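The values are calculated or read from the model by the stated rules, or taken from the named source; none is laboratory data. Everything quoted here is computed from the prediction, not taken from an experiment. Cβ atoms come from the backbone with ideal geometry, glycine included; neighbour counts cover every protein chain shown.
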Amino acid sequence: MEFSFQVLKTDPTGARLGRLTTPHGVIDTPAFMPVGTAGTVKGLTQEALADLGVQILLGNTYHLYLRPGHELIRNMGGLHRFMSWPGAILTDSGGYQVFSLSDLRKVTDEGVRFRSHLDGSEHFLTPEKSLEVQQALGSDIAMVLDECIEYPAERGRAAEAARRTADWARRCRDYAREREDASTTPGQALFGIVQGGAYADLRRESARRLVELDFPGYAIGGLAVGEPHEMTCELAAAAAAELPAARPRYLMGVGLPEQLSDYVACGVDMMDCVLPTRNARNGCLFTSAGRISIKNARYAADSRPLDENCSCMVCRNYSRAYLRHLYMANEVLAAILNTHHNVHFYLDTMRKIRQAIAFGELAGFSAELQARLEAGHP
Ligand SMILES: [Zn+2]
């Protein structure tokens, strides 16, 4: 299948209902993408992901490049075949992890020099290298290398990072065009990434520069890094307004369940976040009545399901008391069941958001969701 995107309906809030077609299947948008860092969504089998209705997941280029190595994955037929996942995959550029995980990073216009967090070995990540790795992995959607900065950052620094990101985006695009055949997934798409820190005008300028480069889709990066939620939405909306309506928009690294509809209302079609999986392993569970910390003693003899409004396998079969016991006893099954529920909860929230957009009622849906969560947190 060829990469394409269709907007099926637009809600009064600006939210879009759409359909993204990739070489590995169709994705209903707005879509939530679980994070499968090292070729696995921690705690879930690929069969469980399919049962949960996952249509696209994320792979981290940095982790897969360091271990087991992209050439090994190329020789195994690409990431889909290696991990036995028939659905779509989006890979990040590796940039975010290089900037946040590794040490000794030195950024120049040429690329980023860094040391592996695993063994301290030295590596040089350039825009071209990032694409070479992502072509070996054969994701359906690859990302350009971008410069990620901290929040807050001074205007000069944000402008410089946005300028470098645009230069790197051009190099990534040219590399991908020249070596189209090198990808283990024919038809792999490449998305540009908007940067610009917390400055709306820099965000708009960054978006316009990327649009000139003509990518099949655009991401908005460097947000939800500590700034207030309202600011995240304003900056995302400012960037989205400059992006072509007919191309998919991906807001990177967000967010809490109650925030998803706000981002969708900014005109965003795709999101990813480690929260449902990482929090699950820490015993933090998302429910329709707010968050639950399953280790709390109050659940020790609680025979109710985790979430009475949830239809997932965990809520149909197990009690809060059992989940608490598994967690306290450090059982492997705790991470498996908690992750299953949390990922189901995110996907189900997205399903409800899509339904609300189909009826043109996203604003009402969001207000109801907020009220319910606030009632759960007196
Ligand atoms: Zn559940």
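Tabulated values for the structure
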{"item": "Residue match in the range 340-353 (condition: among the hydrophobic types (A, V, I, L, M, F, W, C), free of Cβ contacts under 8 Å to residues at least 24 places away in the same chain and farther than 23 Å from G43 by Cα)", "result": "no"}
{"item": "Inter-residue pairs, beta-carbon under 7 Å, first part of a loop (DSSP other than H, G, I, E, B) and in the range 74-87, second of a type in the set (V, I, T), 6+ apart", "result": "G77/T184; G78/T184; G78/T185; G87/V54; G87/I56"}
{"item": "Output for the range 311-343, where each listed residue is within 23 Å of the chain's Cα centre (by Cα) and more than 16 Å from R278 (Cβ to Cβ)", "result": "C312"}
{"item": "Candidate set from the range 359-378 (those that are at pLDDT below 95 and assigned to a loop (DSSP other than H, G, I, E, B)); member that is farthest from the ligand (Cβ to nearest atom)", "result": "P378"}
{"item": "Extreme residue, farthest from H80 (Cα to Cα), among residues of the range 13-23 that are surrounded by fewer than 20 Cβ atoms within 10 Å (Cβ to Cβ) and in contact with a Ser or Thr (Cβ under 9 Å, 6 or more places away or on another chain)", "result": "R19"}
{"item": "So G95, is it farther than 16 Å from V274 by Cα and surrounded by fewer than 21 Cβ atoms within 10 Å (Cβ to Cβ)", "result": "no"}
{"item": "Test: T45 is β-branched (V, I, T) and buried (at least 19 other Cβ atoms within 10 Å of the Cβ)", "result": "no"}
{"item": "Hey, M270 within 11 Å of the ligand (Cβ to nearest atom) and among the aliphatic types (A, V, I, L, M) or not", "result": "no"}
{"item": "The range 284-294 - residue that is assigned to a loop (DSSP other than H, G, I, E, B) and surrounded by fewer than 20 Cβ atoms within 10 Å (Cβ to Cβ) and, of those, farthest from the ligand (Cβ to nearest atom)", "result": "A289"}
{"item": "Close pairs from the range 305-331: first touching a residue at least 24 places away in the same chain (Cβ under 8 Å) and more than 14 Å from G283 (Cβ to Cβ), partner of a type in the set (F, W, Y) and within 10 Å of the ligand (Cβ to nearest atom), Cβ under 8 Å, at least 6 apart", "result": "D307/F345; C310/F345; C312/F345"}
{"item": "Qualifying residue in the range 121-136 (condition: under 15 Å from T40 (Cα atoms) and in contact with an Asp or Glu (Cβ under 7 Å, 6 or more places away or on another chain))", "result": "no"}
{"item": "Flag for A224 being in contact with a Cys (Cβ under 9 Å, 6 or more places away or on another chain) and under 22 Å from S100 (Cβ atoms)", "result": "yes"}
{"item": "Residue satisfying all of: in the range 41-72; more than 14 Å from the chain's Cα centre (by Cα) and assigned to a loop (DSSP other than H, G, I, E, B); nearest to R354 (Cα to Cα) among these", "result": "G53"}
{"item": "Enumerated helices (runs of 4 or more DSSP H) restricted to the range 177-277, each holding at least 1 residues that are among the hydroxyl-bearing types (S, T, Y) and either more than 16 Å from the chain's Cα centre (by Cα) or closer than 30 Å to N75 by Cβ (or both)", "result": "200-213"}
{"item": "Among (1) touching a Pro at 6+ places or on another chain (Cβ under 9 Å); (2) over 23 Å from P152 (Cα atoms) - the single one A246 does not satisfy", "result": "(1)"}
{"item": "Criterion (modelled with pLDDT of 95 or more, hydrophobic (A, V, I, L, M, F, W, C), farther than 22 Å from E110 by Cα and crowded, with 21+ Cβ neighbours inside 10 Å) met by exactly one of V254, V194, V211", "result": "V254"}
{"item": "Scan of the range 115-132 for residues that are farther than 15 Å from W168 by Cβ and of a type outside the set (S, T, Y), ordered by number", "result": "R115, H117, L118, D119, G120, E122, H123"}
